């Protein structure tokens, strides 16, 4: 068990841990992974709660407007988005990055994005989608496994060795495409390469064959806080050309976003 697990266990046993809040959030998370309406039994099964507890939590969320129920089936309402927008409003990263991503997208003619690391995933917090990019649905709030994405590897490379090693030890590498990296040793070697060169490139490893991505870190006060990328299609550009054509403008944009964040902190 890691120190993190010990801390989590201690917190759950402390008088400051609100079990009902934790359970309510687990219900929202579980319902958010479904693409259709779910029953109370489905919620109870997904959260490992009793059906009675799941019912109380779902009905409470319904009363608050976060859940909608019809004929015994339940789904989240758009009000849940307020929780995410509250986070986006609390950080200046999306606001600082968006105009620079728009300029970069216009310059290179490809989609651009910004993301943060959340556990073993990246979460998209800003995006500019080019129409000609491969047909891939990525929106603000989309989560992808960090190990298989260029932005994720940039963010993993910024972690202290101990934290990175603990994360990799508990990681399961899923084969997202036929090109997805297969071993933890190979992943660690790739992260070391990213640390050395200061950027990452992924060739058709995440989501679908045909998607290429190059990413760079965004820093604040000397610490990597986000990553930005340019994504393209293998039908339009080879991996080696992606690096040759897009690395310089990407790195320049990353520096610009980092400078923007520093400027905002000085206001």
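Rule-based calculations on the coordinates, nothing more; no lab input. Every value quoted in this text rests on a predicted model; they were computed, and no experiment measured them. Please note: Cβ atoms are built from the backbone with ideal geometry, for glycine as well, and neighbour counts cover all protein chains shown.
Mean 1/r over all different Cα pairs, inverted: what Kirkwood radius does region 143-267 give, in Å?
Kirkwood hydrodynamic radius for region 143-267: 15.0 Å.
Using packing as a proxy for protection, rank 44-50, 24-30 so that the peptide with the highest average count of other Cβ atoms within 10 Å comes first.
Per-residue mean Cβ counts within 10 Å order the peptides as 24-30, 44-50.
Can you order the peptides 220-230, 55-65 by their average number of other Cβ atoms within 10 Å per residue, highest first?
Highest-to-lowest ranking by the protection proxy: 220-230, 55-65.
By average Cβ neighbour count within 10 Å, what is the ranking of 249-255, 150-156 from highest down?
Those peptides, ordered most packed to least, come out 150-156, 249-255.
Would you mind computing, in nm to one decimal, how far apart the modelled labels at residue 129 and residue 63 are, each placed 7 Å from Cα along Cα→Cβ?
Using points 7 Å along Cα→Cβ, the separation is 3.8 nm.
Against the empirical 2.2 N^0.38 Å scaling, what ratio does the C-alpha Rg of the chain come to?
My calculation over the Cα atoms of the chain gives 1.10.
From the mean inverse distance of alpha carbon pairs (Kirkwood) and the Cα radius of gyration, derive Rg over Rh for region 124-214.
0.96
Sum -39500 (n - 2.57) across every DSSP H segment of at least 4 residues in the chain, then divide by the residue count to get the 222 nm mean residue ellipticity, nearest 500.
-15500 deg cm²/dmol
Do you know the relative contact order of the chain, to the nearest whole percent, from alpha carbon pairs under 8 angstrom that are 6+ apart?
14
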